[in-house]
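What follows is a set of notes on a single structure, which appears directly below.
The values are calculated or read from the model by the stated rules, or taken from the named source; none is laboratory data. All of these numbers come straight from a predicted model, not from anything done at the bench. Heads up, the Cβs are rebuilt from the backbone with ideal geometry, glycines too, and the neighbour counts pull from every protein chain shown.
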Amino acid sequence: MEVEELSETFRKQLVQRFSKNFLEIHILRLIQKKPMWGYKIIKQTQELLGVKLRHGAVYPLLNSLEARGFLRSRKEVKGRRVRKIYEITSKGMQLTEAYYEYLREQLQKQDIQA
């Protein structure tokens with residue numbers, strides 16, 4: 001295996017690990033960009049990150065984010081299909097901004113102190 005292949009494999013593993021650990025923020029970011037429904041979130045995550053999410057993981061998380069006030073939903077009818085469209089709330093935007101601020105702080109630190 002060449003070094004390039006190994007680094008690409010390693011990169012994919014890091015993306016998968018990161019995505020699983022920060023799934024809430026990832027979902028909020030997707031919805032912040034454009035309101036969407038659960039299946040679209042699953043497809044977008046797979047396209048953008050190469051990570052396949054299970055329905056059994058996404059829908060309980062969406063319900064939890066909504067119950068905690070980070071998302072709100074509305075029903076939309078397309079043909080005979082009813083979709084639950086999720087939109088980010090101002091509280092959800094505050095959470096994503098706090099997350100990014102924390103990451104910026106951590107990345108700007110020069111060294112790790114014991």
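Listing for the model above:
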{"item": "Residues of segment 12-35 that turn out to be at pLDDT 90 or above and more than 12 Å from the chain's Cα centre (by Cα), as a count", "result": "2"}
{"item": "Flag if S7 is surrounded by 13 or more Cβ atoms within 10 Å (Cβ to Cβ), among the polar types (S, T, N, Q) and either in contact with a Lys or Arg (Cβ under 9 Å, 6 or more places away or on another chain) or farther than 23 Å from M93 by Cβ (or both)", "result": "no"}
{"item": "Test set (1) loosely packed, with under 12 Cβ neighbours inside 10 Å; (2) at pLDDT 85 or above; (3) acidic (D, E) - D111 fails condition number", "result": "(2)"}
{"item": "Close pairs (7 angstrom Cβ cut-off, 6 or more residues apart or separate chains): in a strand (DSSP E or B) in segment 70-90, loosely packed, with under 12 Cβ neighbours inside 10 Å and among the aliphatic types (A, V, I, L, M) anywhere", "result": "K75/V82"}
{"item": "Filter result for K75 (over 20 Å from R17 (Cα atoms) and touching a strand residue (DSSP E or B) at 6+ places or on another chain (Cβ under 6 Å))", "result": "yes"}
{"item": "Output for segment 86-111, where each listed residue is within 16 Å of the chain's Cα centre (by Cα) and of a type in the set (D, E)", "result": "E87, E97"}
{"item": "Pairs, first part of a helix (DSSP H, G or I) in segment 93-109, second surrounded by 10 or more Cβ atoms within 10 Å (Cβ to Cβ), C-beta under 7 Å, six or more apart", "result": "M93/Q32; L95/L28; L95/F70; T96/I25; T96/L28; T96/R29; T96/Q32; Y99/I25"}
{"item": "Some residue of segment 44-55 being farther than 24 Å from E97 by Cβ, within 12 Å of the chain's Cα centre (by Cα), of a type in the set (S, T, N, Q) and in a helix (DSSP H, G or I)", "result": "yes"}
{"item": "Selection within segment 33-75 - buried (at least 17 other Cβ atoms within 10 Å of the Cβ) and among the aromatic types (F, W, Y)", "result": "W37, F70"}
{"item": "Any hit, segment 89-96, residues being modelled with pLDDT of 95 or more and either of a type in the set (A, V, I, L, M) or in contact with a helix residue (DSSP H, G or I) (Cβ under 8 Å, 6 or more places away or on another chain) (or both)", "result": "yes"}
{"item": "Qualifying residue in segment 13-32 (condition: surrounded by 10 or more Cβ atoms within 10 Å (Cβ to Cβ), of a type in the set (K, R) and not in a helix (DSSP H, G or I))", "result": "no"}
